[in-house]
Structure formats: C-alpha cells, structure tokens
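To start, the structure under review is shown below, and the notes come after it.
The values are calculated or read from the model by the stated rules, or taken from the named source; none is laboratory data. Treat the numbers as computed from the prediction; the structure is a model and nothing was measured. Virtual Cβ from ideal backbone geometry, glycine too; neighbours counted across all protein chains shown.
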C-alpha cells in the first residue's frame, strides 16, 4: 500500500514532464505524426504503476446529452460564422462567433451551477490550489513562449494586438468548455484515459467549424491531448489560461497572417469577455447563497434535535 501511494504521489511530476516533452516536440512533428507520437507516448506512460488514479466511472445520460447539445451548438455557430458568413459579411461572422463563445461558457456554467447544483470548482474555476497551478502555468506557458514567440519579430501593432485580444477570449472559452466541462464530465462517465482522449478528439474536431482540413484537425487533436493532460494535473483552468493556450493560438494566427482584424474588434471581444465574467460572478454568488441556505437548514435541524433531546 505504501509503495502504491509513493508511486501515485509521483504521478503529477511524471505527467508534467510528459507535457513539457510534448511541447518540445512541436517544432519537429506536425499533423498526423504529432498526434501519433503524443498519443502513443501517453498510453505508454499510462502503463507506469501509479501513473493514474483509481477510477469509479458512473453513467449520467443527462451529462452526456448536455455535452452533445452544447458541442453541436458551438460547432454549428462557428461553421455559420466562418463558412457561412465568412469575411464577406463581417457583422454576421462576428455575431455568430461571439454566440459560439458565449454558449461554450455560459451553457456549462448554467448547467453545472443552476441545473445540476454542482460547484464552480467542478469546472476548474477554483482558488484552493493556486500555488502548484501557477507554477505549472508558468512552466508550460514559458515553454510555449520560448518555442514560438521568443525572438519572433512581431508585425505592426495593428496587425497583432487584435489577434491577442481574440486569443485571450477564445482561450477562456476553450479552457472552460473543453477542459472544465467536456473533459471533466467524460472522465466522470468513462474514467481518466477515455475522458482525456474523448475531450481531445472533440477539441480537434470542433475546428471543423473554422473550416480546417483533416491534417490540421489531426494536429490539433494531438495538441488537445497535451492540454487535457495539463488540465488533469491541476484541475484548474489557470494552468491553461491566460498563458499556455492563448500564446499558442496567438502565435499560430500571427504566423499564418491570414486573419485581418480591425482595432474595433477589441471592443467586441471585450464585450464577450465581460458577459463571460458576469455569468461567472452570478454563478459564484448563486453558489454562495445556496451553500449558506444549506448550512442554515442544517443548523436549524441540529438545533431542533438538541431541543428534543
């Protein structure tokens, strides 16, 4: 028993080293090769004694339905924005894009806190493990920065500042939706390995909404495995945002040079972020009130029991 406990205590260190190695692999492998190497190495590490916790999956069809409906809604809205409206109809594109991002954040928050009466911490929105989370965030984010933006000559400010704003807002959506919501619920249903693999597949697949091809989807699925493992280590979205995932998408967008956003787009992204934050704050307040009501009810029951005795 002691040997197993010691082995499991090393699991976060093992998986953190794996994430670093997977990030270092980015410049040398792409598309299907990256997916194959990341997937195979993760499966090998799963075989190490103590690398995975003991799972007790439990089926909840309501959770699976929530994932399916929200995911389809997000992909459909993105497809409408980038394949339907395109840049020929900027207003429609932005409104559909914004609706997809808001659905991916507000939907999980409302479902989790109001409909299922679960805590916000179950979405990875928590403050009880900040030190290890921030340490990992700096490590992974520093690796991402060193591999992509270190020494990179940025274009003129008007060509990259709006892209940074977009990357930060999309990063919030991806962290909450794919990690805190989809991955957490899939792990609860099917266990850690299948949950991470399923979340990574859905993450890669959702980029079809942007009009991406099979090679890009394969690479992003591999990257989704890396992000999913990073989240599984900390169970906190701050391990991914605002450093790791926004830095990666920001570099990819700047380097591709195929997205031209006006300065005015920053105001739109700020509005989307403000709505996300507002929904989160309302959810935290609702959770506090619910907990206070429960504590009050328990106190009243205890008081009545003591009087009856």
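Restrict the check to segment 48-59 and report whether at least one residue is farther than 23 Å from residue 108 by Cβ and at pLDDT 95 or above. No, the conditions are met nowhere in segment 48-59. You will find that of 77, 103, the residue that is without any contact (Cβ under 8 Å) to a residue 40 or more places away in the chain, assigned to a helix (DSSP H, G or I) and buried (at least 16 other Cβ atoms within 10 Å of the Cβ) is 103 and no other. Residue 128 satisfies every condition listed in (1) more than 28 Å from residue 16 (Cβ to Cβ); (2) without any contact (Cβ under 8 Å) to a residue 24 or more places away in the chain; (3) loosely packed, with under 15 Cβ neighbours inside 10 Å except (1). When residue 35 is tested against (1) assigned to a helix (DSSP H, G or I); (2) surrounded by fewer than 16 Cβ atoms within 10 Å (Cβ to Cβ); (3) modelled with pLDDT of 95 or more; (4) within 22 Å of the chain's Cα centre (by Cα), exactly one condition is not met: (2). Scanning segment 272-290 for residues that are in contact (Cβ under 8 Å) with a residue 12 or more places away in the chain and either under 25 Å from residue 95 (Cα atoms) or within 18 Å of the chain's Cα centre (by Cα) (or both) returns 272, 273, 275, 276, 279, 280, 283.
Within segment 50-74, the set of residues being exposed (fewer than 11 other Cβ atoms within 10 Å of the Cβ) and either closer than 15 Å to residue 219 by Cα or in contact with a helix residue (DSSP H, G or I) (Cβ under 7 Å, 6 or more places away or on another chain) (or both) comprises 58, 59. Residue 82 meets the conditions (1) in a helix (DSSP H, G or I); (2) over 25 Å from residue 209 (Cβ atoms) in every case but one. The failed one is (2).
When segment 85-99 is examined, which residues are found to be in a helix (DSSP H, G or I) and surrounded by fewer than 15 Cβ atoms within 10 Å (Cβ to Cβ)?
Let us first name the residues in segment 85-99 that are in a helix (DSSP H, G or I), namely 85, 90-99.
90, 91, 92, listed by residue number.
Any residue at all in segment 15-30 that's more than 22 Å from the chain's Cα centre (by Cα), surrounded by 13 or more Cβ atoms within 10 Å (Cβ to Cβ) and either at pLDDT 90 or above or part of a helix (DSSP H, G or I) (or both)? Yes, segment 15-30 has at least one match. Might you let me know whether segment 179-200 holds any residue that is more than 30 Å from residue 62 (Cβ to Cβ) and either surrounded by 20 or more Cβ atoms within 10 Å (Cβ to Cβ) or modelled with pLDDT under 95 (or both)? No, that holds for no residue.
In the set (1) buried (at least 18 other Cβ atoms within 10 Å of the Cβ); (2) over 24 Å from residue 27 (Cβ atoms), the condition left unmet by residue 156 is number (1).
Quick grid of which residues meet (1) in contact with a strand residue (DSSP E or B) (Cβ under 8 Å, 6 or more places away or on another chain); (2) in contact (Cβ under 8 Å) with a residue 40 or more places away in the chain; (3) closer than 16 Å to residue 168 by Cα:
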| residue | (1), (2), (3) |
| --- | --- |
| 215 | no, yes, no |
| 225 | no, yes, no |
| 232 | no, yes, no |
| 244 | no, yes, yes |
| 248 | no, yes, yes |
| 267 | no, no, yes |
